[in-house]
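Participant: So that we are looking at the same thing, I have put the structure below in structure tokens.
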2 protein chains.
Amino acid sequence: MPTAKSKSTESRLVIGFDADDTLWHNEIYYRQAGEKFKRLLSTHQDPAEVERLLAETEVRNIDWYGYGFKSYTLSMIETALAATAGRISGSEIDSILQIGRDMLSADVLLFEHARAALVQLADDHELMLITKGDLLEQDSKLRRSGLAPLFRHTEIVREKSAQTYQVLLDRYGVPTNRFVMVGNSLKSDVLPVVEIGATAVYIPYEHTWAHEYAEAQGRTYHELEHLGQLPALVAGFEVASPGT
Amino acid sequence: MPTAKSKSTESRLVIGFDADDTLWHNEIYYRQAGEKFKRLLSTHQDPAEVERLLAETEVRNIDWYGYGFKSYTLSMIETALAATAGRISGSEIDSILQIGRDMLSADVLLFEHARAALVQLADDHELMLITKGDLLEQDSKLRRSGLAPLFRHTEIVREKSAQTYQVLLDRYGVPTNRFVMVGNSLKSDVLPVVEIGATAVYIPYEHTWAHEYAEAQGRTYHELEHLGQLPALVAGFEVASPGT
């Protein structure tokens, strides 16, 4: 039974964390921006139609523009042109630019338990941030979150495929049985991690529909309601692993 | 005297390459976009004034928006609003969005010698791409360049400081005396590399003013006119290094 506070090298894990909607709120800022945008265009077009057009534009642009507030701003402008048949005014375009800037300068709002869980886990394990999105934007959010010093490495990647994770583990010399990934996306944080034989912890952002997906996939991973439950789960991994 | 084709581990170098305006053209696309933009606004405003406003807007936005065609597009739209006192039309805004899209879909135009030099060097050394900019955009350009298979690692970083380079070398276990960085920017590719004690090769994009900078800084680095001269320079490093 280990008694020292710091774990031996053998029982140390590398724990990867997704960022947006796993450690801090992200989706709500897009929703708020979308609401402001619909209000702005409401004299030109029905809000429901604006919402439909914006969603369509975003999907069409994702391969070109990628993720983040700049992509969203460009998609809002494109949508505004379509929704008003080009009759959008200069000052309305200016308001759209401002909606975009407000998204970037919004406070980074950590989830409850996020800081405490990370502080506790960083004592015994190596923490990595593994996130998609715009480089500048994620870097800015990490800095403003106050969590940066808790991460040994930060990886902002183009996509989170099984290959992406394998390349990262190879890069840092981490065996798959020592890697745990924590995130709110089955597609990005859970399934590719399970695929390479590592451990995934799913913490859904939207609790209602998440469970259905989990069952549908038929893969083995852990699911928690919030980050406050993570340290206890991880402690269980350590007891079960060989060498401790 | 080594006779085998492949170098021994000891004489293998890790050679980092900047991408934009080192391996392929980049600046010209911004200039072309800027020209189209000025023509588009010429019925509203003097092109010289548009150019001045755009440059001012870009500088003001760089910390917020970062680099790349999305940032440039947003800055063009902001400039158009300022340059026309908000009297820009919807169809003109649409044209600006199209100027931006054209930048992203433009062919990746490799510099002469780029492919041949990299193919030759990849035989004996480990090549890395180390570039700033938008993740999605650089990833797309690398894929379309056809050079991706020649690089062992690709690093798209937020900024190229001495610390950035040191973190990368530590990550991959590369001693500084085995690292060579090649690029067109004294600020990003040369001076921080010299600062950590590694070797830098400067290949200016604009030959006329580059030499003055080089002298002003008083640091020791190599300067070439084009990538075709790189393999011979690197061969010289190997002869001079200990252990061969």
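The values are calculated or read from the model by the stated rules, or taken from the named source; none is laboratory data. This one's a predicted model, so the numbers in the text were calculated from it and none came from an experiment. Glycine gets a Cβ as well: all are built from the backbone with ideal geometry, and neighbour counts include every protein chain shown. These area figures cover heavy atoms from the full protein model, side chains too; ligands, DNA and RNA do not enter into them. Shrake-Rupley method; radii C 1.70, N 1.55, O 1.52, S 1.80 Å.
Participant: With labels modelled as points extended 7 Å from the Cα through the Cβ direction, what inter-label distance (nm, one decimal) is found for B:H25 paired with A:Q166?
Facilitator: Each label point is offset 7 Å from its Cα along the Cβ direction, giving 3.8 nm.
Participant: Determine the relative contact order of chain A: mean sequence separation of Cα pairs under 8 Å and six or more apart, normalised by residue count, in whole percent.
Facilitator: Values: 319 pairs, mean separation 60.6, N = 244.
25 percent.
Participant: Now a separate question. Any idea of the accessible area per residue across chain A, 1.4 Å probe, to the nearest Å²?
Facilitator: On the way: 11400 Å² over 244 residues.
Result: 47 Å² of accessible area for each residue.
Participant: Provide the per-residue ³J(HN,Hα) series for the range A:122-138, in order, calculated from phi with Karplus coefficients 6.51, -1.76, 1.60 and θ = phi - 60°, each as a whole number of Hz, with x at glycine and proline positions.
Facilitator: 5, 4, 10, 9, 9, 9, 10, 9, 10, 9, 8, x, 6, 4, 4, 5, 5
Participant: OK, next. For the pairing of chain A with chain B, what total accessible surface becomes buried, with a 1.4 angstrom probe, in square angstrom to the nearest 100?
Facilitator: Working: alone 12860 and 12890 Å², together 22820 Å².
Adding both sides of the contact gives about 2900 Å².
Participant: I'd like the distance between the alpha-carbon centres of the range B:43-75 and the range B:114-155, rounded to an integer number of Å.
Facilitator: Rounded to whole Å, the Cα centres lie 29 Å apart.
Participant: Please report the accessible area of A:M103 (heavy atoms, 1.4 Å probe, ligands and nucleic acids excluded) in Å², nearest 10.
Facilitator: Accessible surface of A:M103 is approximately 30 Å².
Participant: Now a separate question. Report the Cα centroid-to-centroid distance between the range B:11-33 and the range A:25-39 in angstrom, as an integer.
Facilitator: So the two Cα centres are separated by 37 Å.
Participant: With each label point set 7 Å from Cα along the Cα-Cβ vector, what nm distance links B:E225 and B:K187?
Facilitator: 2.8
Participant: Taking amide hydrogens as modeled 1.01 Å from N in the peptide plane, which residues meet the under 5 Å criterion relative to B:V182, leaving out close sequence neighbours?
Facilitator: For B:V182, the qualifying residues are B:G16, B:F17, B:D18, B:V201.
Participant: In terms of the Cα gyration tensor, with a ≥ b ≥ c the square roots of its eigenvalues, is chain B rounded because a/c is under 1.5, prolate because a/b exceeds b/c, or oblate? Don't jump to the answer; show the numbers that get you there.
Facilitator: Numbers: a/c = 2.53, a/b = 2.22, b/c = 1.14.
Prolate, because a/c is 1.5 or more and a/b exceeds b/c.
Participant: What are the principal axis extents of the Cα atoms in the protein assembly as shown, in Å, biggest first?
Facilitator: 68, 62, 35
Participant: Let me ask something else. So what are the three principal axis dimensions of the range A:1-125 from its Cα atoms, in whole Å, longest to shortest?
Facilitator: Here the spans come out as 71, 26, 22 Å, largest first.
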